Amino acid sequence: MTSQTPLIPDNAPFSPEQRAWLNGFLAGVLGRTQVNAPAATAPSEPLLILFGSQSGNAEGLAKKLAKKAAGRGFASRALGLEAIAPADLSKEKNVLIISSTWGEGEMPDNAAGFWSGLNQNGSSPSLQGVRYSVLALGDMNYADTFCKAGRDLDARFQELGAECVSPRVECDVEFDDLAQSWSDAAFSALTGGTQALAAPASEEVSETTGYSKKNPFPAALLENRMLNEPESAKDTRHIALSLADSGLVYETGDALGVCVQNCPGVVDHVIANHALDPSVLVPLPGGQMAPLREALISAYEVRSLLGKTSTDVTAAAFVADLRKLQPRLYSISSSLKANPEQVHLTVGAVRYEQDGVHHKGVASTFLSDRLDIGKTTGVFIHSAPHFRLPTDLSKDVIMVGPGTGIAPFRAFLQERKATQATGRNWLFFGDQHVATDFLYQDEIEAFFREGTLTKLDLAFSRDQAEKIYVQTKMLERGSELWAWLAAGAHFYVCGDASRMAKDVDAALHQIAQTHGAMNEAEAASFIADLKKSKRYARDVY
C-alpha cells in the first residue's frame, strides 16, 4: 500500500529529523511506503568572512570566498572590518580573516578603527568560543613589514581567547594558489574534516572566462605623451591604451594591471655580473623552457640584482631563487564615458643612480621608453570598490592628488562632467614648479573655467623659498574645507603613502579640531566615521 502523504504531518511538534525518523519507522511497521517524507537536512554552518583591504585584493578574495563557502554548505557572508564592532565578534562562531598590509606595516584604512577597538585597554572583547583562521597578504619587497597586519590580527585573536583552527597563511603578491589551499584547509577544519559540497560549476566558469589577470588582454599603445616641460627634473607620461574588442569595462577609481618586461640592458648587466651564458635554457615559472636572457626579460624580477656579482652558480639555480615578474597596478586616469574603448594612465618614469649603478623603474620605463606605439602589452582591470565617486551626484567631492596622484581625479572630473553631477568639485594639486610640472594643465584649467571644477588650489613646492605642499593649502582653506565636510562632502587622497598621505591625514585632523571645535579624541572619532561611511578614501602607494 502506498500513501502520498506523511503519517506525521509537518505541523507536528517534532524537528524535521524526528519527523523523518518517525515516518520511516511507522511506514515500516504499517507496511506503508513513505513517498513525500521531508528529507533530513543538517543546518548550515555559519561563517563570517572579514576583510581588511587597501587596494581591493583582500575584498575581492573575501567575496569570492563567500560564494565558494556557500557552495560548500556554509551560511556565509563577507564584511569589511569597518562594518563590524569588535564586541560583536563574540557572537560569531566561525570567522575567516583576509587582510593586506600597507605603508610601514599598517592596517588597511578600513581595518584601522576595528584594530583600535580590538586593543582598547579594559574593553577588549573576549573571543572565547570563536574559531578563526587568517590569510595575510603582503609584498616581499617590504620584507621588514611583510604581512604584518595579518600577523597582528592573528596574534590578537589568540590573546583574546579565540581558537585558531587552521594556521595563518602568508602570501606574496602572487596569492591565488595559496589563498585556495588556505580556504580549503579552513573549510575542512571548521566542519571537523567532513566532506564539503563541491563548489557550483557556474562559479568556476565565471572566474575563468573573459580577460583577467590570468588571461590579460593584449592592449595596443595609442599615445605616449610627456606631461612635464623639457626643463623639468621629472618625466611624467600620459599613456593611452586601446581596449577595443576586449569587452573590458572599468569604473573611475579602478586600477589597470599592466604586464611588463625588464629592460634588456639591465638584464645584460645582471647576466654579465654573474658570469652566466645568456643562451642557456632555464625553466620559466609556468614550467616551459627559454634562453636565460629571454627568461630574465619577460618572466623574473631582477631589479634587486643590480650591482651584485657572483660566479659560482648555475643558470638553473640562479633563476630558481628569483621571484616571478609581476604585473604592475596603475590608477586609471580616464573615464570610460569620456573615452570609449580606451584606458589612460599617468606614469612617472623612475630613473636614479645609487652607488654608481643606474636603476630604472621596471614598469614605468617599460611604458615610457620601451613599448612602441601600436605594440601591445597584456592588461586587466583591477577593481577598487573602496575608491568610488558617490552614487548621489549631488554630493560634493574634495580631491587631494599631488604629482601622479592626479590620475584618478582626472578620471573623476571627466566622470562628473559626463554624468552632469550637480555636486561641487574641489581639487588640491601640487608638484615642484608651476612652469614645468603642472600636469594636465590645459584640461584642469578648462574644467575650472567651465565650472566642472568649482575650486582649485595649487601648491608648487619649489617656486618660493618656503616649501608649500597640498596639506599647506588645506590648512589655509581649513574653514571652508570643514564647511564642505560638515555638509556631507566626500574626501579623497591619492599619491605617496609614506609622507604625503600621512601629512594630509594629520592636516585633516587639525582642521577638525580647529574649525570643528573638537578635541583630539573627537577629531579622531570624526575622521574614523568618515572612513567607515566611505566618505574618506585613499588610493596610496
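Which order do the peptides 284-294, 355-365 come out in when sorted by mean C-beta neighbours inside 10 angstrom, highest first? Walk me through the numbers before you get to the answer.
Details: 284-294: 13.7, 355-365: 16.6.
Those peptides, ordered most packed to least, come out 355-365, 284-294.
Quick one: helix 520-532 against the long Cα principal axis of the chain, what's the angle to the nearest 10°, folded into 0 to 90?
So the helix axis and the longest Cα principal axis differ by about 70 degrees.
Ranking request for peptides 47-56, 516-525, 394-403: highest mean number of other beta-carbon atoms within 10 Å first, then the rest in descending order. Each step should come with its number before you reach the end.
Details: 47-56: 25.6, 516-525: 13.2, 394-403: 21.7.
In decreasing order of mean packing, 47-56, 516-525, 394-403 become 47-56, 394-403, 516-525.
Round to a whole angstrom and tell me the spacing of the C-alpha centers of the stretch 438-463 and the stretch 164-188.
Between the Cα centres of the stretch 438-463 and the stretch 164-188 lies a distance of 46 Å.
Residue separation times 0.36 nm, minus the C-alpha to C-alpha distance between residue 317 and residue 116: what's the value?
Values: separation 201, 0.36 × 201 = 72.36 nm, distance 4.52 nm.
Extending this stretch completely gives an extra 67.8 nm.
Working out 0.36 nm times the residue gap between residue 420 and residue 88, then minus their Cα-Cα distance, what length gain in nm do you get to one decimal? Provide the component values of the computation, followed by the final result.
Working: separation 332, 0.36 × 332 = 119.52 nm, distance 4.14 nm.
So the extension gain works out to 115.4 nm.
In nm, to one decimal, how far is the modelled label at residue 373 from the one at residue 355, with both set 7 Å along Cα→Cβ?
Once both label points are built, they end up 4.1 nm from each other.
Rounding to the nearest 10 and keeping the result within 0 to 90°, find how far the Cα-based axis of helix 264-273 lies from the longest principal axis of the chain.
Once rounded, the angle reads 80 degrees.
Could you work out how much longer the chain between residue 515 and residue 449 gets when fully extended? Use 0.36 nm per residue separation minus the Cα distance between them, nm to one decimal. Walk me through the numbers before you get to the answer.
Numbers: separation 66, 0.36 × 66 = 23.76 nm, distance 2.94 nm.
Extending this stretch completely gives an extra 20.8 nm.
Given the pairs 213/532; 68/532; 360/534, which span a C-alpha to C-alpha distance of over 32 angstrom in this model? Numbers along the way, then the final one.
Working: 213/532 29 Å; 68/532 27 Å; 360/534 36 Å.
Pairs exceeding the cut-off: 360/534.
Please give the helix 148-159 orientation as an angle from the longest Cα principal axis of the chain, in degrees from 0 to 90, rounded to the nearest 10.
30
Would you please give the FRET efficiency between residue 466 and residue 212, computed as 1/(1 + (r/R0)^6) with r the Cβ-Cβ distance and R0 = 35 Å, to the nearest 0.05? List each step's numbers first, then the result.
On the way: r = 48 Å, r/R0 = 1.39.
After rounding, the FRET efficiency stands at 0.10.
Find the relative contact order for the chain and round it to a whole percent, using C-alpha pairs within less than 8 Å whose residues are 6+ positions apart. Intermediate results must be reported in sequence, preceding the final value.
Values: 1036 pairs, mean separation 59.9, N = 541.
Reported relative contact order: 11 percent.
For labels at residue 534 and residue 75 in the simple 7 Å Cα→Cβ model, what's the distance in nm?
2.6
For residue 91, which aspartates and glutamates qualify as cross-link partners when the Cα separation must be under 12 Å and same-chain residues fewer than eight apart are set aside?
none
Return P(r) of the chain (all Cα-Cα pairs; 20 Å bins starting at 0; whole %; ordered from short to long distances).
Each 20 Å bin holds this share of Cα pairs: 18, 46, 27, 7, 1, 0.
Could the peptides 88-99, 529-540, 450-461 be put in order, highest first, of the mean number of other beta-carbon atoms found within 10 Å of their residues?
Numbers: 88-99: 20.8, 529-540: 18.4, 450-461: 16.4.
Output ranking for 88-99, 529-540, 450-461: 88-99, 529-540, 450-461.
Which of 402, 119, 298 sits closest to the plus end of the dipole of the chain, meaning its Cα is farthest towards the positive end, when Lys and Arg get +1 and Asp and Glu get -1 on the C-beta?
119
Calculate, for residue 172 and residue 273, the FRET efficiency according to 1/(1 + (r/R0)^6) with r their C-beta to C-beta distance and R0 22 Å; round to the nearest 0.05.
Working: r = 25 Å, r/R0 = 1.14.
Computed FRET efficiency for residue 172 and residue 273 comes out at 0.30.
With +1 on each Lys and Arg Cβ and -1 on each Asp and Glu Cβ, and nothing else charged, work out how big the dipole of the chain is about its Cα centre, in Debye to the nearest 20. Could the numbers behind the result be given before it?
Numbers: 50 positive and 64 negative charges, 249 e Å.
Around 1200 debye, computed over the chain.
Rule-based calculations on the coordinates, nothing more; no lab input. Keep in mind the model is a prediction, meaning the values are calculated, not measured. Because the Cβ atoms are built from the backbone with ideal geometry, glycine has one as well, and the counts that use them run over all protein chains shown.
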